[in-house]
1. When the residues of region 15-32 are filtered to those that are in contact with a helix residue (DSSP H, G or I) (Cβ under 8 Å, 6 or more places away or on another chain) and under 16 Å from residue 76 (Cα atoms), which remaining residue is modelled with the lowest pLDDT?
2. How many of the residues making up region 16-32 are within 23 Å of residue 89 (Cα to Cα) and part of a helix (DSSP H, G or I)?
3. In region 63-96, what residues are surrounded by 10 or more Cβ atoms within 10 Å (Cβ to Cβ) and assigned to a loop (DSSP other than H, G, I, E, B)?
4. Mind checking which pairs have a first residue in region 44-66 that is on the phi > 0 side of the Ramachandran plot and at pLDDT 95 or above and a second that is buried (at least 16 other Cβ atoms within 10 Å of the Cβ) and not in a helix (DSSP H, G or I), Cβ under 9 Å, 6 or more apart or different chains?
5. So residue 73 clears everything in (1) farther than 18 Å from residue 13 by Cβ; (2) modelled with pLDDT of 90 or more except one condition, right? Which one?
6. Looking only at region 33-62, which residues are touching a helix residue (DSSP H, G or I) at 6+ places or on another chain (Cβ under 9 Å), farther than 13 Å from residue 79 by Cα and assigned to a helix (DSSP H, G or I)?
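The values are calculated or read from the model by the stated rules, or taken from the named source; none is laboratory data. Just so it is clear, the structure is predicted and the values come from calculations on it, not from any experiment. In this analysis, Cβ positions are derived from the backbone assuming ideal geometry, glycine residues included, and neighbour counts consider all displayed protein chains.
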């Protein structure tokens, strides 16, 4: 499958993280793998972890330590924000 040269999915990274965490609790590596598959390759730690840190700082996600891994999930505020973003994106791309 050909990949577009001018579509930068990084601008949708926050939405993609919230979307995946809305479905399942996941660690950073799993998020990078799942989101990366849509981008045709795994995301780097330098991409995923700063985004997770920013979401945590804004109280949209939280984590529980399981061994060496942090398992992320949405907070109530994160669920609300996800639904708002989802509505906006649906409205923006309604013409498709």
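1. So the first thing to find is which residues in region 15-32 are in contact with a helix residue (DSSP H, G or I) (Cβ under 8 Å, 6 or more places away or on another chain), and the list is 15-22, 26, 28, 31-32.
Checking the rest, the ones that are also under 16 Å from residue 76 (Cα atoms) come to 15, 17-22.
Values: 15: 90, 17: 94, 18: 94, 19: 95, 20: 96, 21: 97, 22: 96.
Per the stated criteria, the residue is 15.
2. Of the residues in region 16-32, 10 are within 23 Å of residue 89 (Cα to Cα) and part of a helix (DSSP H, G or I).
3. 75
4. Here the result reads 59/75, each pair linking region 44-66 to a residue that is buried (at least 16 other Cβ atoms within 10 Å of the Cβ) and not in a helix (DSSP H, G or I).
5. Single failed check for residue 73: (1).
6. Taking region 33-62 as the starting set, the residues that turn out to be touching a helix residue (DSSP H, G or I) at 6+ places or on another chain (Cβ under 9 Å) are 34-36, 38-39, 42-45, 47-49, 51-52, 54-55, 58-62.
Subset that is farther than 13 Å from residue 79 by Cα: 34-36, 38-39, 42-45, 47-49, 51-52, 54.
Within region 33-62, 34, 35, 36, 38, 45, 47, 48, 49, 51, 52, 54 meet the criteria.
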